[in-house]
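Notes for the one structure printed next.
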Protein chains: 2
Amino acid sequence: MKPINIQEKFTKFSKNWHPHQVATVDDMQVILAKLKGEFVWHSHDEEDELFQVIKGTLHMQFRDRTEIVNAGEFIVVPKGVEHNPCTLNDEEVHVLLFEKLNTAHTGNVQHERTQTEYPKI
Amino acid sequence: MKPINIQEKFTKFSKNWHPHQVATVDDMQVILAKLKGEFVWHSHDEEDELFQVIKGTLHMQFRDRTEIVNAGEFIVVPKGVEHNPCTLNDEEVHVLLFEKLNTAHTGNVQHERTQTEYPKI
């Protein structure tokens, strides 16, 4: 029940595509991640996923288009929709995600980047 | 599934203590509100509530203390905990809230400010 400073939490880890949990809200979690390059095409059968951009420009690829999400903006990816977040020109983009506690960040795909548990910071 | 610009959404309403829904994530909602002055002491029996400060300084009063939440920070108020958001010196503070779709913003208290439905913007 203490205020959480988002920028300060981002100083606590450096690895890209490595989500860290900073809070829970009922059965949802707030996680932070540093994204760089391209992730993995995947979807979440049962969970929506909110990406709020804190720093940089996120390119959220869908199969039919790409949405550009700038700092100060967010996008909700609905359940079942294939997506693949990426960044351009080697930019490291900082995002805050809001999603169910049991959401796997690679969704229905098992990948070398898949983490089954997120460190708490 | 379009990006949502938080600042731009704040231009769409002016009334204080009047939440507007900008997105849903599963059974949760993202709402924006402009706070000024003192709200109402209340709690939510079943729902946690996240307040992310976009502009200004929020003073979140609890019965035993006040937490100061600045822009770029957020605080989660756990279910069952009495709280009363307020701002000082007539400052209008802009907040983004994550909470269950059925959360009443005045919680267990019926007040002249109580809204039962939030406009969608």
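The values are calculated or read from the model by the stated rules, or taken from the named source; none is laboratory data. Remember, predicted model here, so these are calculated numbers, not experimental data. All Cβ positions, glycine included, derive from the backbone under ideal geometry; neighbour counts span all protein chains shown.
Numbers at a glance
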{"quantity": "Failed item in (1) in a loop (DSSP other than H, G, I, E, B); (2) farther than 30 Å from residue A:46 by Cα, with residue B:85 passing the rest", "calculated": "(1)"}
{"quantity": "Selection status of residue A:34, at pLDDT 95 or above, outside any strand (DSSP E or B) and either under 14 Å from the mean Cα position of the chain (by Cα) or of a type in the set (Lys, Arg) (or both)", "calculated": "no"}
{"quantity": "Residues of the stretch A:41-70 satisfying the condition of being under 17 Å from residue A:94 (Cα atoms) and either hydroxyl-bearing (Ser, Thr, Tyr) or modelled with pLDDT under 95 (or both)", "calculated": "A:57"}
{"quantity": "Residues being under 20 Å from residue B:3 (Cβ atoms) and not in a strand (DSSP E or B) - total across the stretch A:42-55", "calculated": "4"}
{"quantity": "All positions within the stretch B:30-76 that are β-branched (Val, Ile, Thr) and either within 12 Å of chain A (Cβ to nearest Cβ) or in contact with a helix residue (DSSP H, G or I) (Cβ under 7 Å, 6 or more places away or on another chain) (or both)", "calculated": "B:30, B:53, B:54, B:57, B:66, B:68, B:69, B:75, B:76"}
{"quantity": "Single residue of A:99, A:82, A:117 found to be surrounded by fewer than 17 Cβ atoms within 10 Å (Cβ to Cβ), of a type in the set (Asp, Glu) and touching a residue at least 40 places away in the same chain (Cβ under 8 Å)", "calculated": "A:82"}
{"quantity": "Members of the stretch A:1-24 that are closer than 24 Å to residue A:40 by Cα and not in a loop (DSSP other than H, G, I, E, B)", "calculated": "A:10, A:20, A:21, A:22"}
